[in-house]
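Have a look at the structure below, then the notes.
The values are calculated or read from the model by the stated rules, or taken from the named source; none is laboratory data. Please read these numbers as outputs of a predicted model, since none were measured by experiment. Please note: Cβ atoms are built from the backbone with ideal geometry, for glycine as well, and neighbour counts cover all protein chains shown.
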Amino acid sequence: MGKQDLELHRRGYELIHVPAGKDSADVKMATVGSSIFVHYPTAREVFVCSSDKVLTHLCNTLQTHGLTVYSVCKQGSKMRVFNNQNGDYQIHSLIPQAEIPSLEEFIAQIQDLITKEQKNHQNHWIKLSKLSQLYKNKYNLTITQVVTSHFPGKRARDVFLEYPTKFVTHQPLEQSEIYITLFTQLPAESATDASSPPTEVTVQDTASSQINSRTDLEQSIVKIVQSLTAQSPGSYIDISRVGGEFKRQYGQTINETIAWLQLKVKYVTILQSCSALQVKQKGKVHTVALNNG
């Protein structure tokens, strides 16, 4: 066994040699294991690392002596630990879990994947499912794992709505898949006419100069819903998408605007009280559509 022998001894394992033969190792395990409570009277739990049914008798014997017995077996790249007493089990990965990147690193990783995918396939929009698979293949992590770590309770799609200056999302229909692309600012000068004056692009830093009342806020939200559902009139969209677009346009979130206006109401309450909108709730998710009635 070479270095493995030395390493096992260093970790406190006692190696037992048996000659080759059918079930020779299993019989020896059962013989030694059945008296383990004699040699280790303070032991309370025993792990039997084998998937061979022959050792079921050993497990039963140990249980009769008051020991909690776990059957351990390998399944591909995972290890299954089964509690023989109550039937509970746990699955552990044998592949080291990748470290969760910082939020800045994660955003940069996603931007890099989108850029490469766009170049490879000449397609501006990337499906979220495709992006998730690319991320899993490269970093051995899911987007959901990273998002949950930094934004507990949020879904994978929500992280893109949190960064409207970096990503743009598109969902043609309420039940269809979400598409992601990078938010890129148009160049200030025209590439075809260098002598023409630069096009001035104004970005509104806050909503305060445009939204001064609850009515203003409702009207701005209605316009956003109308814009997001233009391709599918009457469809419902997640209110988080509306919030993301609002932040992109006005430079602050709807909740920040509500606080600035001192309205003392929730975002969803604003939507529900607006006669131009209809709101539905499914579980913890709220969706909104234009009220065409």
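Here are the numbers:
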read-out	value
Filter result for Gln249 (in a strand (DSSP E or B) and farther than 21 Å from Gly153 by Cα)	no
Residue that is nearest to the chain's Cα centre (by Cα), among those in segment 252-265 that are touching a residue at least 40 places away in the same chain (Cβ under 8 Å) and part of a loop (DSSP other than H, G, I, E, B)	Gln252
Identity of the residue in segment 214-246, in contact with a helix residue (DSSP H, G or I) (Cβ under 8 Å, 6 or more places away or on another chain) and over 19 Å from Pro172 (Cβ atoms), that ends up surrounded by the fewest Cβ atoms within 10 Å (Cβ to Cβ)	Arg214
Pair list, Cβ under 8 Å, 6 or more apart: segment 117-136 residue in contact (Cβ under 8 Å) with a residue 24 or more places away in the chain, other residue among the small types (Gly, Ala, Ser)	Leu128/Ala156; Ser132/Ala156
Residue that is modelled with the lowest pLDDT, among those in segment 148-175 that are surrounded by 18 or more Cβ atoms within 10 Å (Cβ to Cβ), within 21 Å of Gln252 (Cα to Cα) and not charged (D, E, K, R)	Pro164
